[in-house]
Amino acid sequence: MLTRRALSVALACFTGGVLAAHLLPQVDAHEPSPGTATAWAGDSAANMTPDADAKRRLRRTAIVEAVEKSAPSVVSVGTTKINQVRYFDWAAFRERSGQQELKGLGSGVIVDPSGLVVTNAHVINQADQVVVRLTGLDPTTENEIPATILAIDLAHDLALLRLENAGPYPAATFGQSDDLMPGEPVIAIGSPVGLGRTVSSGIVSALNRSMTIERQTFEGLIQTDAAVNRGNSGGALLNILGEWIGVNSAIASLSQGGGFDGISFAIPIATVKQFLSHAIQSGRATGRWAGLEFGDDGRGHVVIQTLYPVGPAVREGLRRGDRVVAVDGRPVSDGALATLAVFEAASRGAAADHVTLSIQSDDGVRRVAVPLETPPTAKLAWDRLGMKAVEVTPEVREQTGYLTGSGLVVQEVRDGSPAARVGFQPGDLLLAIGTQTLRASEDLLEALQWADKGSTVGINLVRPVRTRFGVEGKPLAAKVVLD
């Protein structure tokens, strides 16, 4: 019973380097301690006697094999947030300005050899710089690579990064989370308090947990008792086969310092696959799209789950439910793998102006070449609403004070347009159109492409209003008839 101390829930993300230095004063958080490399790499085979080799084989459990298979795909994610500060210089007796750097640390998982990395949104949100450290199992191969933020989904606490250096990189093997069983063994890999290559194990304690963290509710989480601490956020949760089944994200703690008390939570891989599909197929990751999203039909088949009515796939005659057996000649057995294959094609730029889908039907396999085009988000917003809206980038955040991922900022309004008729102004923050929450540009595409000309949509927004106490946000709602 929680009588004397309240249960606290914390995101498993570590900010700053003070904690690691305090807990481990003799160990550099980025380098192994003396003997650590030997423990990880194992004794040299040349120095092992036949008896020692036999004993080592006996100690080689399924967990060891799973870790060796998947650990190279787990990385450390370092962030830097730069704040502009003003302070008083007493020596010069004048006010000065400067910069303050706030460091953060989490974990991530490489999902594609081209260098896509999935992590938690709370690890990188608001960061001005992101650096990924490859950890794996061999300390001698570690190096830091700058990364670009491609997509953030605050509602599910997921983010997608792209490594700026060319691959190939070791990618995780996707597993399934829909058939997990309470009691089955799991493995967590990440960088708690900056200690990369850290492995812990446990079991699935419960499924479909709901947790409210900082006034936001997350549902469908996997609860485990694998040790997860600050810095593990974004790291991999594996099954005993070394397959990636979840993203470690949060802990519930009785400790005042927020330490591990045997209760940790992970986002299931099914949610991650949906996030990847939306981020990539919407054109978010590459600037080009095919106008469709893949899914699994529950029988081991990849199918077209969503078709965008303004996308190129519809024009090529594809239909929702079509079974996809290959992408550009590569057989696919999972919706996430099909999505990543489209990403690789779109990433080739001018070298690839289409992606070829192999569609299985009763008459055999037919191949359909789907053009890769720029998503018509800006055109739809201008034609149907009469405005331009941009995401809250770090530059926009500096100008407006809006938080990244909080909405879309109106940049321009066309005279006589639907947006002008209801009084929209540059600087307004659009929160939602109908039931579609607006956090990124693809959300605007999602909201407008299904709406017919002349239809009425509700729009929720916030308008900055200057008062004697500063600038405050005034919530507004409007009904807009689309052109």
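Bear in mind that the values in this text are calculations on the coordinates, not laboratory data. Here the structure is a predicted model, which is why all the values come from computation and not from measurement. No Cβ is skipped: glycine too gets one built from the backbone with ideal geometry, and neighbour counts run over all protein chains shown.
Each label was represented as a point 7 Å from its Cα along the Cα-to-Cβ direction; for residue 254 and residue 393 these points are 4.9 nm apart. Taking a Cβ cut-off of under 12 Å around residue 87, the surrounding Lys, Arg, Asp and Glu residues balance to a net charge of +1, with basic ones at +1 and acidic ones at -1. Charge dipole (Cα centre; +1 on Lys/Arg Cβ, -1 on Asp/Glu Cβ; no other charges) of the range 341-483 amounts to roughly 580 debye. Counting other Cβ atoms within 10 Å of each Cβ, which trypsin sites (Lys or Arg not before Pro) in the range 261-300 have at most 15 and sit in a DSSP loop? Those satisfying the criteria are 299. One Cα centroid belongs to the range 307-371, the other to the range 437-457; the line between them spans 25 Å. Peptides 361-372, 427-438 ranked from most to least packed by the mean count of surrounding Cβ atoms within 10 Å: 427-438, 361-372. A DSSP coil position with no more than 16 other Cβ atoms inside 10 Å describes the following trypsin sites (Lys or Arg not before Pro) in the range 379-421: 414. When the Cα convex hull of the range 377-481 is projected onto planes of every orientation, the mean area is 6.3 nm². Using a simple spin-label model with pseudo-atoms 7 Å out from Cα toward Cβ, residue 363 and residue 58 lie 6.5 nm apart. In terms of distances greater than 32 angstrom between alpha carbons, the cross-link table entries 103/479; 273/479; 103/273 yield 103/479; 273/479. Charged side chains reduced to their Cβ positions (Lys and Arg at +1, Asp and Glu at -1) give the range 155-262 a dipole of some 320 debye around its Cα centre. Taken about its Cα centre, the range 282-371 carries a charge dipole of roughly 180 debye when the Cβ of each Lys and Arg holds +1 and the Cβ of each Asp and Glu holds -1. Roughly speaking, what % of Cα-Cα pairs in the range 282-371 are separated by over 20 Å, rounded to a whole number? Roughly 25 percent, once rounded to a whole number. In terms of packing, defined here as the mean over residues of other Cβ atoms within 10 angstrom, the peptides 103-114, 163-174 line up highest first as 103-114, 163-174.
Spin-label model, residue 165/residue 181: points 7 Å from Cα along the beta carbon direction are separated by 4.2 nm. Among the GluC sites (Glu not before Pro) found in the range 172-280, those both in a DSSP coil and sparsely packed, with 16 or fewer other Cβ atoms within 10 Å of their Cβ, are 214. What does a probe at residue 212 reach in the range 422-452, counting residues whose amide N is under 14 Å from the point 7 Å along Cα→Cβ? Nothing falls inside the zone, counting backbone N under 14 Å.
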